[in-house]
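Working notes for the structure below.
The values are calculated or read from the model by the stated rules, or taken from the named source; none is laboratory data. Everything numeric here is computed off the predicted structure, so don't read it as measured data. Don't worry about glycine lacking a Cβ; one is built from the backbone with ideal geometry, like all the others, and counts go over all protein chains shown. For accessibility, only protein heavy atoms count, side chains too; no ligands or nucleic acids. Shrake-Rupley method; radii C 1.70, N 1.55, O 1.52, S 1.80 Å.
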Amino acid sequence: MPGGGLLGHLAAMAAAPHSFPAAALQAHGGLVGIRLGPRRIVAVGRPDLAREVLVTRADRYPRGRINRNLGAVIGDGLLATEGEVWRARRRRMQPSFRADRLGTLATTTDAVMRETLAGWTGAPIDAAEQAGRIAIRVIGGVLLSQRIGEGQGSAFVAAVQDCLAQLMRRNWSLLRWPLWVPVPVNRAVNATRRTLEAFLGEALDRRLAAPDAQPDDLLTALIRGRPDDPPLPRQALLNELKTLFAAGFETTATALTWLMYLLALHPQVAQALRDEAAPVLGDRAPGPADLPRLPYAAAVVEEAMRLFPPVYNMGRDCAADDDLGGFRIRAGTTVVVSIFAIHRSPDLWEVPEAFRPDRFLGAAAADRRNLLPYAWGRHQCIGNHFADLELVVALLAMVRHCRLELTEEAPVGMRGRTTLAPDRPIRLKAVPLA
Ligand code: HEM
């Protein structure tokens with residue numbers, strides 16, 4: 001794509017890493033070269049090409065610098081590795097994330113929601129702050145069987161979000177100092193890594209010191225592995241813990257933030273959720289087995305993540321010269337799959353910028369094969385069923401407790417940080433149901 005002078009599209013990409021590639025893709029077809037100073041990346045915004053990168057030719061497009069960059073904080077865990085190390089870890093952890101193993105998640109989320117909603121006593125609430133606290137308590141409970149306290153939770157959310165956002169900017173910057181150089185981004189990265197490692201390392205050491213105390217949580221499953229898995233060294237366990245902790249709260253918190261906003265904007269959707277849940281659940285909270293009987297709730301979550309995909313870009317590095325959609329891709333080129341572009345393409349969705357959960361229901365339902373909030377292929381999110389269930393339980397708890405109303409009319413935009421965040425705080429009032 002032409003333009004941008006010496007630095008190419010660096011400033012545009014850094015300012016809007018979600019919408020800039022999407023606009024370029026819309027103007028130039030499903031594949032476009034973007035120049036970031038001396039470097040050139042290729043953005044992909046067509047489902048067929050995304051499938052080639054992520055599924056059919058995944059060996060040619062392994063994870064590269066973007067995931068390694070993340071690894072600076074969360075270490076070499078599932079999210080930052082490839083090859084044999086990744087494969088062995090994925091096999092070890094996969095069984096714990098099966099849909100039929102998520103009963104504890106549902107009860108934990110329900111308990112967290114009861115406590116949270118009891119605190120909504122009429123004063124305006126901040127959607128992102130509440131969603132962050134909910135998500136961190138849920139992951140603290142399910143991963144560590146530990147209650148993450150109020151102050152601790154907020155401090156964690158702020159530290160990890162801020163640091164990941166700084167790392168994200170590092171993806172597009174020309175100067176990437178080694179981590180030992182004390183420039184601001186590195187200081188933030190190192191401080192967050194230390195905070196995470198101190199907290200999670202202590203939890204891990206307590207568990208390793210008392211092998212007979214084995215609560216039914218993800219940490220126990222990780223330490224044990226499957227019957228034929230070798231034991232993992234402490235640092236590897238810590239890296240996986242950091243990975244699950246970071247991946248498990250930031251993304252779900254963002255999805256929940258947008259869901260709260262959308263519920264406030266569309267009270268009729270909240271009502272339809274109540275109407276669907278009442279005959280299926282009575283007064284109880286949903287468990288994993290209820291999800292198939294709550295198709296509207298599932299559609300609301302899908303539609304929210306279509307419009308606001310928490311993970312909006314995914315990076316891979318081309319390992320050997322390739323031909324993709326008629327484009328020559330040189331080995332070493334970073335290929336960015338724009339989930340945002342695919343989810344908002346007018347070629348794939350009717351009125352793509354409208355929030356219409358109904359589009360996923362009925363005989364003429366939109367094609368879910370164009371939806372990839374959790375990615376496709378071998379690196380597809382291991383927590384996809386986990387997140388779907390957590391979001392449905394949280395969503396239904398909210399709508400059955402209150403009506404959410406916006407306290408300000410001004411429109412809310414998007415900001416491409418680590419995840420796709422709102423560009424301003426969303427203040428809401430929780431009005432008790434009559
Ligand atoms: C709405 C919530 C979530 C979204 C949108 C989401 C999205 C994604 C995406 C797009 C990827 C692929 C990244 C890549 O390959 O570069 C991914 C991978 C991953 N996610 Fe999630 N995720 C969510 C929730 C969770 C939860 C709750 C957990 C764990 C508790 C989790 C753990 C992981 C892990 C470990 C990976 C790496 C998988 C692998 O490479 O084998 N995620 N996620």
Query raised in the report: Does the range 78-87 contain at least one residue that is away from the ligand (no atom under 12 Å from the Cβ) and farther than 27 Å from Arg194 by Cα?
Result: yes
Report task. Being within 12 Å of the ligand (Cβ to nearest atom) and at pLDDT 90 or above is the filter here, so list the residues in the range 56-76 that pass it. Result -> Ala58, Tyr61, Pro62, Arg63
Query raised in the report: All but one of (1) of a type outside the set (S, T, N, Q); (2) within 16 Å of the ligand (Cβ to nearest atom); (3) open to solvent by less than 60 Å² (accessible area, probe 1.4 Å) hold for Arg368; which doesn't?
Result: (3)
Query raised in the report: So which helices (runs of 4 or more DSSP H) stay within the range 1-111 end to end and still have 1 or more residues that are of a type in the set (Val, Ile, Thr)?
Result: 65-74, 83-93
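Taking into account only those residues within the range 204-225 that are among the charged types (D, E, K, R) and part of a loop (DSSP other than H, G, I, E, B), which is farthest from Leu241 (Cα to Cα)? Show your work before the answer.
Taking the range 204-225 and keeping what is among the charged types (D, E, K, R), we get 205-207, 212, 216-217, 224.
Keeping just the survivors that are part of a loop (DSSP other than H, G, I, E, B) gives 212, 216-217.
Details: Asp212: 20, Asp216: 15, Asp217: 12 Å.
Checking each candidate, the answer is Asp212.
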Query raised in the report: Since Arg114 meets every condition but one in (1) modelled with pLDDT under 90; (2) closer than 30 Å to Met398 by Cβ; (3) open to solvent by 50 Å² or more (accessible area, probe 1.4 Å); (4) not polar (S, T, N, Q), which condition does it not meet?
Result: (1)
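Residues checked against (1) hydrophobic (A, V, I, L, M, F, W, C); (2) closer than 24 Å to Glu353 by Cβ:
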residue: Leu10; (1), (2): yes, no
residue: His28; (1), (2): no, yes
residue: Arg65; (1), (2): no, no
residue: Leu78; (1), (2): yes, no
residue: Arg92; (1), (2): no, no
residue: Asp100; (1), (2): no, no
Query raised in the report: Restricting attention to the range 143-192, which residues are out of contact with any Leu (no Cβ under 9 Å at 6 or more places or on another chain), part of a helix (DSSP H, G or I) and modelled with pLDDT of 80 or more?
Result: Arg187, Ala191
Report summary line: Considering the range 198-239, residues that are open to solvent by 80 Å² or more (accessible area, probe 1.4 Å) and in contact with a Ser or Thr (Cβ under 7 Å, 6 or more places away or on another chain), and then whichever is farthest from Val160 (Cα to Cα), we arrive at Gln214
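Suppose we keep only residues that are of a type in the set (Asp, Glu) and over 24 Å from Arg63 (Cβ atoms) within the range 286-340. Which one would you say is farthest from the ligand (Cβ to nearest atom)? Don't jump to the end; show me each part of the working.
We begin by selecting, within the range 286-340, every residue of a type in the set (Asp, Glu); these are 290, 302-303, 317, 321-323.
Retained after the next criterion (residues that are over 24 Å from Arg63 (Cβ atoms)): 290, 302-303.
Details: Asp290: 19, Glu302: 11, Glu303: 13 Å.
Applying the filter and picking the extreme gives Asp290.
Test His379 against the criterion of being over 19 Å from Glu302 (Cα atoms) and either within 12 Å of the ligand (Cβ to nearest atom) or crowded, with 23+ Cβ neighbours inside 10 Å (or both), and give yes or no. I'd like the intermediate steps shown before the answer.
Values: over 19 Å from Glu302 (Cα atoms): yes; either within 12 Å of the ligand (Cβ to nearest atom) or crowded, with 23+ Cβ neighbours inside 10 Å (or both): yes.
Answer is yes for this residue.
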